[in-house]
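The values are calculated or read from the model by the stated rules, or taken from the named source; none is laboratory data. This structure is a prediction, so every number in the text was calculated from the model and none was measured. In this analysis, Cβ positions are derived from the backbone assuming ideal geometry, glycine residues included, and neighbour counts consider all displayed protein chains.
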Amino acid sequence: MRHFRATSLLPVGLSVCLAACGPGLSHDPGPVEGKALEMPYTGIFSVVERDGYRVVDIEASIVTWGGTAGGPPQRARLVLVPRDIEPPALSGELAGASLIRTPVERIAVNDHPHEAMLRVLGVEDRIVAVGGSTSYDDDLRRKARSGQIQQIGYGWHMPPTLDALVAVRPDVLIARMADLTHTQHMERVESLGVPVVPTFIDAEPHYMGRVDWVRLMGLLTGKEAEADAFVQMVAQEVDRLKSLADGQPRRSILWAWYRSAGNRWAVTQRNSDAALLRDANAELVMGAEDDPELDTFSDLSTERLLRDATDADCWMIRDPLSSVFDDRAVLSRFKAYREGCVFWEPGKRHPTADSWEVWEMGDIRPDWRLGDVIKMLHPELRDGDWRYLAPETWEAGHGGASQH
């Protein structure tokens, strides 16, 4: 459901390079001996504890936007060592790993969800560099615009600006990379003494997997208890909402946002975003089997929607940057339009900044998104305010619409 900034700005189901984030691992290094720490939701990383330090293994495939995976799985191994103990030799099963001394105190990030994760842990004051000046958080945005913290470029747009990054002497760069061409830049970052933690939040096979990345941030920052409490809180709220939805009649939903190209739609069909919609007690119209080698959505035509999706009870038709689709001749053929159940996603835009909460907190608060979808599908539950969704008005909601 993250279809996204700046250009969806970059909508994704995207994973990306791990192979050269740091020294990188071009092969499967095999398991590390030690006590496995429970990470119940993620399908991308695992953590083992031994001899007072932690080893984090990350593995993901590169999946293009609305497309397929290319190349073999990409891997990284991180060794998180408290500052007060001697680090292990990076040899044998740790050869090629990146060493990070914890807790990290100076943090560079290049994507909005990283900012959200650190904020919920209460360590946003440790951020010394961000992607740019569009943080949803007022204080971070002010610091970036005043030069108090550096702007290194958003990961969905460009590799980090090295001069700005090195100038702030971060303990770590938490990096989303949106293109394999950024790989050599990450190698350069490591060679300059800045460890890189690659993140692949959108590659998670289940939406709760994205929340588990808060636990990884907790390991890095010494806020493990806070991270565990946050994840448990979200999981409990998701369970509560699922139980609420299960008590309602099952209805069908089409989640197809207009791509502003005249005849193209991004249709959610599988994986993490599809799981969230189904947990709202919904039948996903045009749904498909989960497949980690494919993105969550497919790029389909208006003709395809007219053929297969006109009977959907409800329809999410556009995101914050989509143009309005107002061809009434086409719309009138859809049950959702005729019965008044067409919604769009304003995304809770910041009142004074070019920023949306849905693209920052939305990844780690799936309960907020799930709550909106449940209200959309089940009118009996439409009490309280909407957070990210709203009934479609067929009026442009943002001056930068049609950027998809």
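Just a few scattered comments:
- Odd one out for Val285 among (1) out of contact with any Leu (no Cβ under 7 Å at 6 or more places or on another chain); (2) surrounded by 23 or more Cβ atoms within 10 Å (Cβ to Cβ): (1)
- Any chance Arg278 is more than 29 Å from Gln74 (Cβ to Cβ) and surrounded by fewer than 23 Cβ atoms within 10 Å (Cβ to Cβ): no
- When we screen Gly222, Gly132 for residues that are touching a Phe, Trp or Tyr at 6+ places or on another chain (Cβ under 6 Å) and more than 30 Å from Gln269 (Cβ to Cβ), the only hit is Gly132.
- Matching entry among Ala235, Ala256 (being part of a helix (DSSP H, G or I) and of a type in the set (Gly, Ala, Ser)): Ala235
- Complete set of residues in region 184-232 that are part of a helix (DSSP H, G or I), within 23 Å of Pro73 (Cβ to Cβ) and modelled with pLDDT under 95: Gln184, His185, Met186, Glu187, Val189, Glu190, Ile201, Asp202, Ala203
- Filtered residue count, region 92-116, keeping only those that are assigned to a strand (DSSP E or B), over 14 Å from Tyr154 (Cβ atoms) and in contact with a Gly (Cβ under 8 Å, 6 or more places away or on another chain): 2
- Residue match in region 165-183 (condition: farther than 21 Å from Gly132 by Cβ and part of a helix (DSSP H, G or I)): yes
- Residue count for region 135-156, restricted to those that are farther than 16 Å from Val194 by Cβ, assigned to a loop (DSSP other than H, G, I, E, B) and either modelled with pLDDT under 95 or not polar (S, T, N, Q) (or both): 5
- Residue match in region 290-303 (condition: surrounded by fewer than 22 Cβ atoms within 10 Å (Cβ to Cβ) and under 29 Å from Glu380 (Cβ atoms)): no
- Pick from region 94-152, criterion hydroxyl-bearing (Ser, Thr, Tyr) and surrounded by fewer than 21 Cβ atoms within 10 Å (Cβ to Cβ), ranking: nearest to Val189 (Cα to Cα): Thr102
- Some residue of region 232-243 being more than 20 Å from Tyr337 (Cβ to Cβ), touching a His at 6+ places or on another chain (Cβ under 8 Å) and either surrounded by 15 or more Cβ atoms within 10 Å (Cβ to Cβ) or aliphatic (A, V, I, L, M) (or both): no
- Filtering region 342-372 to residues that are assigned to a loop (DSSP other than H, G, I, E, B) and in contact with a Leu (Cβ under 8 Å, 6 or more places away or on another chain) leaves Glu345, Pro346.
- Asp290 vs. criteria over 30 Å from Ala69 (Cα atoms), part of a loop (DSSP other than H, G, I, E, B) and of a type in the set (Asp, Glu): no
- Qualifying residue in region 325-335 (condition: closer than 30 Å to Arg145 by Cα and modelled with pLDDT under 95): no
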